[in-house]
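J.: The structure's right below; bear with me while I get my questions together.
The values are calculated or read from the model by the stated rules, or taken from the named source; none is laboratory data. Given the structure is predicted, the values throughout are model-derived calculations rather than measurements. Methodologically, a virtual Cβ is constructed for each residue, glycine included, from the backbone with ideal geometry; neighbour enumeration extends over all protein chains shown. Surface areas here come from the heavy atoms of the whole protein model, side chains and all, with no ligands, DNA or RNA. Shrake-Rupley method; radii C 1.70, N 1.55, O 1.52, S 1.80 Å.
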Amino acid sequence: MKRLLALVYVVLLVACSDSSQVSLSRGATIIAFGDSLTVSLGAKNTTYPQHLAQLTGLEVIASGVSGEQTQGGLARLEAVLEANPADALVLLEGGNDFLRNQPMSAVKANLGAMIALAQQRGLQVILVAVPQKSLFLSDAPIYQELAEQYRVVLVADTLSELLADNEFKSDQIHLNDQGYIRLAEAIAQKIVVR
C-alpha cells in the first residue's frame, strides 16, 4: 500500500510540475550529485556547489566522486539521499560513461533510475546535460529525452559550450574556476527561491 501511495504521489508530482524551473523554500537543501565535475576538479578557489549555495542562499551538499560512472552513481544515490534529507537534486553524471564508450542505452537507464529514485523521495530534479564524445561538443540527446520523460528541469548546452571554450577549461574534460562559476550560474537560473 505504501508503494502504491508513493507511486501515486510521484505521478501527481510529475503531472503538476513545471519543467522549466524548480521552486524551493528559503530553508531548502540541494544535493549536488555527480562525478569529478561536481567535485570541481581543476578549480583552484571554488567549487560549483559552493558557488551555487552563494547564488541561491540555500544549503548545497556536494556529493561527487571523481571518475564515477552512472552505474556507480545509481549504486551510491540511495545512501546519499537517506543520509541527507533534501528538497532538490542536481544530477550531473554521464561523462565518464561516454569517455569509456558505455552503451548510451545503459547510461540513459541508469540516469532514469536515479531520477525516479529522487522523485520517489519527493525531490525536485535538475538534470545537467553532458556532451557526448564527438568532434564537435554537443549534449548527448538522452538528456533531453530524460527531461521530457520525467518532466525534470534540464540545464542544456551549458557544459558543451563551456568545454568548447579554452577560457573556461582546466584540461580537456574539466572546467576551471570561471567555468564552474558559469555552471553554477546556469543551474541557479533554474531555481526560484520563494
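J.: With θ set to phi - 60°, apply the Karplus curve 6.51 cos²θ - 1.76 cosθ + 1.60 along the stretch 166-183 and write out the HN-Hα couplings as whole Hz, x wherever there is a Gly or Pro.
T.: Each residue of the stretch 166-183 in turn: 4, 4, 10, 10, 9, 7, 5, 10, 10, 8, 9, 3, 4, x, 5, 5, 5, 4 Hz.
J.: If you average the sequence gap of Cα pairs under 8 Å that are 6 or more apart and divide by the length of the stretch 82-194, what percent do you get for the contact order?
T.: Averaging sequence separation for qualifying contacts and normalising by length gives 21 percent for the stretch 82-194.
J.: Most mobile of R121, R100, R151 per a Gaussian network model of the chain (Cα springs, under 10 Å)?
T.: R100
J.: For V90, which sequence-distant residues (separation of 5 or more, or a different chain) have an amide H within less than 5 Å of its own amide H, given hydrogens modelled in the peptide plane?
T.: I31, A32, F33, I126
J.: Also, quick follow-up: Leaving ligands, DNA and RNA out of it, report the carbon-plus-sulfur percent of the accessible area of the chain at a 1.4 Å probe.
T.: Values: 4970 of 9440 Å².
Summing carbon and sulfur atoms, their accessible area is 53 percent of the total for the chain.
J.: Any chance you could give the angle, 0 to 90 degrees and rounded to 10, that helix 104-120 forms with the longest Cα principal axis of the chain?
T.: Taking Cα atoms only, the helix is inclined about 50 degrees.
J.: Of the lysine pairs in the chain, how many meet both conditions: Cα atoms under 28 Å apart, and a spacing of 8 or more in sequence or different chains?
T.: Final tally of qualifying lysine pairs is 10.
J.: So what J values fall out for the stretch 38-50 if you push phi through Karplus, 6.51 cos²θ - 1.76 cosθ + 1.60 with θ = phi - 60°, rounded to Hz, Gly and Pro as x?
T.: Coupling constants for the stretch 38-50: 6, 5, 6, 4, x, 7, 9, 10, 8, 10, 5, x, 4 Hz.
J.: Multiplying the sequence separation of R121 and V80 by 0.36 nm and subtracting their Cα-Cα distance, what value in nm do you get?
T.: In short, 13.6 nm is gained.
J.: Here is a follow-up. Grab the other residues whose beta carbon is less than 12 angstrom from that of Y143, score K and R as +1, D and E as -1, and report the net.
T.: -4
J.: Add +1 for every Lys or Arg and -1 for every Asp or Glu among the other residues with Cβ under 11 Å from the Cβ of G72, and state the total.
T.: Numbers: positive: R76; negative: D35, E68, E93, D97.
With Lys, Arg at +1 and Asp, Glu at -1, the neighbours total -3.
J.: For a Förster distance of 25 Å, can you work out the FRET efficiency between the beta-carbons of A113 and Q21, rounded to the nearest 0.05?
T.: On the way: r = 24 Å, r/R0 = 0.96.
Computed FRET efficiency for A113 and Q21 comes out at 0.55.
J.: Okay, moving on. Once amide H atoms are built 1.01 Å from N in the peptide plane, which residues 5 or more positions from A164, or in another chain, come under 5 Å H to H?
T.: When sequence neighbours closer than 5 places are left aside, there are no close amide H contacts.
J.: Measure nothing fancy, just the Cα-based angle from helix 2-16's long axis to the longest principal axis of the chain, in degrees from 0 to 90, nearest 10.
T.: 60
J.: Okay, next question. Over the chain, what is the mean sequence separation of C-alpha contacts under 8 Å (at least six apart), divided by residue count, expressed as relative contact order in percent?
T.: 29
J.: Work through the residues other than D171 whose Cβ is under 15 Å from its Cβ and net out their charges, Lys, Arg +1 and Asp, Glu -1.
T.: Neighbourhood net charge equals -2.
J.: Ok, one more. Which residues' amide hydrogens lie under 5 Å from the amide hydrogen of G67, considering only partners 5 or more residues apart or on another chain, with H built in the peptide plane?
T.: Placed amide hydrogens put S36 under 5 Å from G67.
J.: Kindly report the accessible area of the chain per residue (heavy atoms of protein chains, probe 1.4 Å, no ligands, DNA or RNA), in Å².
T.: On the way: 9440 Å² over 194 residues.
Roughly 49 Å² per residue, with all protein chains present.
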